[in-house]
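Q: First the structure, which I've put down as C-alpha cells, then a few questions once you've had a look.
The values are calculated or read from the model by the stated rules, or taken from the named source; none is laboratory data. Keep in mind that what you see is a predicted model, and the values were worked out from it rather than measured.
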Amino acid sequence: MTNSQMHKITTRQAFDLYIPTENLTIYQKGVYYQGIKIYIHLPKTVKDLSGGKNKCKLALKRYLLHNSFYSLKEYIDT
C-alpha cells in the first residue's frame, strides 16, 4: 500500500510504501517492517527501473557494492 492510498494529500513521498504504525518492537524488527524501510531508502534510480527483475537485481547489486554499508542503521542514515 502506498502513501497516496492512505492519505489523499499529495506529497513528495506519495508513491513510497506506507509504513504501518506499530508500537511493538518485535513487529518493528520483523522482515515486513524492515523491508519497507529498506525499500523506501533506495535511490530513485534503482526504484524506478523497469525492464525486468534481473535489471533491478543488477542495479541493486551495483549500488550496494559501490556503497559499503556496515549496518542497517548506517544504510538508513545516509
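Q: Give me a count of the residues in region 40-68 that are in a loop (DSSP other than H, G, I, E, B) and under 15 Å from the mean Cα position of the chain (by Cα).
A: Qualifying residue count for the region: 5.
Q: If you scan region 1-39, which residues turn out to be aliphatic (A, V, I, L, M), at pLDDT 70 or above and either part of a helix (DSSP H, G or I) or closer than 27 Å to Lys61 by Cα (or both)?
A: Matches in region 1-39: Ile19, Ile26, Val31, Ile36, Ile38.
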